[in-house]
Amino acid sequence: LPADAREYDFSAHMLKQVGVSSVRLMTNNPLKIDGLVSNGIRIEERLPHITGVCKTNNHYLSTKAKRMGHLIPEQV
C-alpha cells in the first residue's frame, strides 16, 4: 500500500454538489490540493497547518515532509 492511500475526489464532488467552486484550504498535504484541483475546485489560498514542534513529534513531521512531500517548513 502507498504511504497515504486516501483519495480526495469525493471531497471535490461533495463540494460541487453544495455549490462550492473555490476554497481556502488549510493543509500541508499536496495530494489534497491536487485532488481538489484535478476535480475542478479552485484553491484561492493554501494556509499551512502548523502545529507545535517538540521532541515527540519532530521526527514524525520531518518524515511527512521528506517522504510524503508535505509542505512543512524546513525548521521542523
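Below are the figures for this structure:
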read-out	value
Hits in the range 12-53 (condition: under 19 Å from residue 66 (Cβ atoms) and of a type in the set (Lys, Arg))	32
Complete set of residues in the range 39-51 that are in a loop (DSSP other than H, G, I, E, B) and either touching a residue at least 12 places away in the same chain (Cβ under 8 Å) or among the charged types (D, E, K, R) (or both)	39, 40, 41, 48, 49, 50
Answer residue from the range 49-76, given it is over 18 Å from residue 2 (Cβ atoms), hydroxyl-bearing (Ser, Thr, Tyr) and modelled with pLDDT of 80 or more and is nearest to the chain's Cα centre (by Cα) among those	62
Scope the range 3-22; condition of a type in the set (A, V, I, L, M, F, W, C) and either modelled with pLDDT under 95 or in contact with a helix residue (DSSP H, G or I) (Cβ under 7 Å, 6 or more places away or on another chain) (or both); matching residues	3, 5, 10, 12
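Per-residue answers, yes or no, for (1) surrounded by 12 or more Cβ atoms within 10 Å (Cβ to Cβ); (2) in a loop (DSSP other than H, G, I, E, B):
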site: 2; (1), (2): no, yes
site: 5; (1), (2): no, yes
site: 11; (1), (2): yes, no
site: 15; (1), (2): yes, no
site: 19; (1), (2): no, yes
site: 36; (1), (2): yes, no
site: 53; (1), (2): yes, yes
site: 61; (1), (2): yes, no
site: 66; (1), (2): no, no
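The values are calculated or read from the model by the stated rules, or taken from the named source; none is laboratory data. Nothing here was measured: the structure is a model prediction, and the numbers come from that model. A quick note on method: Cβ atoms are made from the backbone with ideal geometry, for glycine too, and the neighbour counts reach across all protein chains shown.
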